[in-house]
Amino acid sequence: MKIFNMPKGQSKLTLSLYFTLSLIYALVSCNPPDNTSNLPSSITAEEAKKLAEEAYIYGFRIVENYKAIFGMCIAKQSPAYSGFNNFLHGKKLYDPDYTTVVSPNNDTFYSTTWADLSEEPLVIEVPKTGDTYFVIQLVDMFTDNFAYIGTRTTGKDGGTFLLVGPDNDGGFDTEKFDKIFVSRSRYVALATRTATDGTQSGNEKAYAIQDGLKLSSLSDYLGVSSSSKANLESNFPIYNQDSLYAKPKLFQYLNQFLEWQAPGFEEKELMESFSKINVGPYQTFDIGGFNEDVQAAILEGIQSAHQKIVDKASSLGTRESGWEYTPPMGNYGQNYLFRSAVAFKFIYTNSPEEAIYPIAEADSDNESLDGSKNNYVLHFESGETPPVDAFWSMTIYHSDTRLMVKNPINRYSIGDRTQGLNYDSDGSLTLYIQNQQPEGSKANNWLPAPDGPFYIIARMYIPQEPALDGSYKLPAISKE
């Protein structure tokens, strides 16, 4: 199922037809299978190992995605809890005291929640955002960025948008909405970022946008009684990483979560093959139901798969002049290893059209960056700063903790919005990356480094074509 962006004026008939096709599709791919032909005794240990490895790699990112649902919408004791369909607005930029997520950005305020579409569609109202960069990244349970609302895609004037899940059958007036988005998942992450330049006026603009965001059920928005026929209930299990990583229990969770969304047509044969080890929607996975050889093979396949994900996460892209460039993220097709490795390392990464994130862990001599050993410079020739339509930044992190670096001037990132940044007389720009503050005017361009190993993530928001097609490359970080 692909994203369905419906502008105003589309007929109800067309929408109903779309939902009819979606329903047929869901029935074809998600009907409870006949397990009688796939009894545990009918599979060899060699085949079981292969299928377990493939199924774990396929399903890891789905279960990892559930971690955020559990922390934001289920576990009320969680500091990130807001409940479904209810934004939790961050009013403070992330800094070294924020330890929940590794490698966070220092550019935008986050507003986070998950949409629950099991009962009825969700209406998303966005105020005018003007010259403030704003985006809502809509991520399904499969970790696809299937839609965007914001500066790049829907403009600066805000709007009213409808988000529809796979359990809804349409039948509503499309004229009331600027766009309609259809999700193949019952639950959708609304990863929302509102930029600020760090000044008081920039913060106030961002806060006003956050305060103007509204989420409501379709019936509440229309002021009518709910006509939902879904009445679906989801039993939310406890998320515990230690019990799921490289463990067969992950398959039990995966089976449940696959009932919350419709796998793609291209995954029909994959689901049929996984059913041989009782993995898939409407399946019951119990490793104890297999003989000892098959049990051992399944465990071996799971452990091998997890190691492959970890290994891939440590080498997602290619290195050039000390910068690692990753392949496009956000829409992965059937590259399940890449999907799960991205989810393991930094889930909810933007699609390249919205932002790209080169990472520097080495200097021009291909030696690891270390603030206890060297001072560094990053020099841009005139006109060679990152080509973007929004803004760019460089954020520095400790290599060991993957968190930001405490420093006396409370600067954790630097970029084109940094106040007082000094350009050279020829229009070039030099950034100074070191542990101790440089003298004179160089301090204006100082990015404080730790007294030890570090890495830098460059963020380019709404990158222009040279950055997207790879013809633009960042200059190497050099020893001073």
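When segment 384-422 is filtered for residues that are among the β-branched types (Val, Ile, Thr) and either touching a helix residue (DSSP H, G or I) at 6+ places or on another chain (Cβ under 6 Å) or part of a loop (DSSP other than H, G, I, E, B) (or both), the ones remaining, listed by number, are Thr385, Thr401, Val405, Ile409, Thr418.
The residues of segment 276-305 that are surrounded by 22 or more Cβ atoms within 10 Å (Cβ to Cβ), in a helix (DSSP H, G or I) and aliphatic (A, V, I, L, M), listed by number, are Ile277, Val294, Ala297, Ile298, Ile302, Ala305. The residues in segment 85-141 that are of a type in the set (Gly, Ala, Ser) and under 30 Å from Ser226 (Cβ atoms) can be counted, and the count is 3.
Determine whether segment 384-394 contains at least one residue that is among the charged types (D, E, K, R), modelled with pLDDT under 95, under 23 Å from the mean Cα position of the chain (by Cα) and surrounded by fewer than 19 Cβ atoms within 10 Å (Cβ to Cβ).
no
For segment 400-422, what are the residues that are surrounded by 13 or more Cβ atoms within 10 Å (Cβ to Cβ), in contact (Cβ under 8 Å) with a residue 40 or more places away in the chain and either in contact with a Pro (Cβ under 9 Å, 6 or more places away or on another chain) or not assigned by TED's automatic domain parsing to the domain that holds Ile457 (or both)? Leu403, Met404, Val405, Lys406, Asn407, Tyr412, Gly415 - these are the residues of segment 400-422 that are surrounded by 13 or more Cβ atoms within 10 Å (Cβ to Cβ), in contact (Cβ under 8 Å) with a residue 40 or more places away in the chain and either in contact with a Pro (Cβ under 9 Å, 6 or more places away or on another chain) or not assigned by TED's automatic domain parsing to the domain that holds Ile457 (or both).
Pick out the one residue from Gln256, Gln295, Gln307 that is under 20 Å from Lys345 (Cα atoms) and modelled with pLDDT of 95 or more.
Only one candidate qualifies: Gln307.
The conditions are (1) assigned to a loop (DSSP other than H, G, I, E, B); (2) in contact (Cβ under 8 Å) with a residue 24 or more places away in the chain, and Ser425 fails exactly one of them. Which is it? Answer for Ser425: the failing condition is (2). Here is the figure for segment 452-480: residues that are part of a loop (DSSP other than H, G, I, E, B), surrounded by 13 or more Cβ atoms within 10 Å (Cβ to Cβ) and not hydrophobic (A, V, I, L, M, F, W, C) total 5. Just to check your reading of the model, which residue among Gly223, Gly202 is small (Gly, Ala, Ser) and more than 26 Å from the chain's Cα centre (by Cα)? After ruling out the rest, the residue left standing is Gly223. Under the condition of being surrounded by fewer than 21 Cβ atoms within 10 Å (Cβ to Cβ) and more than 18 Å from Gln137 (Cβ to Cβ), the residues counted in segment 339-362 number 4.
Screening Phe265 on (1) of a type outside the set (Lys, Arg); (2) over 23 Å from Gly330 (Cβ atoms); (3) outside the structural domain of Thr113 (by TED's automatic domain parsing) shows it passes everything except condition (2). Does at least one position in segment 69-76 carry a residue that is within 15 Å of the chain's Cα centre (by Cα) and either of a type in the set (Ser, Thr, Tyr) or closer than 30 Å to Val224 by Cα (or both)? Yes, segment 69-76 contains at least one residue that is within 15 Å of the chain's Cα centre (by Cα) and either of a type in the set (Ser, Thr, Tyr) or closer than 30 Å to Val224 by Cα (or both). In segment 170-190, of all residues being among the hydrophobic types (A, V, I, L, M, F, W, C) and within 29 Å of Leu258 (Cα to Cα), the one that is modelled with the lowest pLDDT corresponds to Phe172.
The values are calculated or read from the model by the stated rules, or taken from the named source; none is laboratory data. Everything quoted here is computed from the prediction, not taken from an experiment. Positions of Cβ are backbone-derived with ideal geometry, glycine not excepted, and every protein chain shown enters the neighbour counts.
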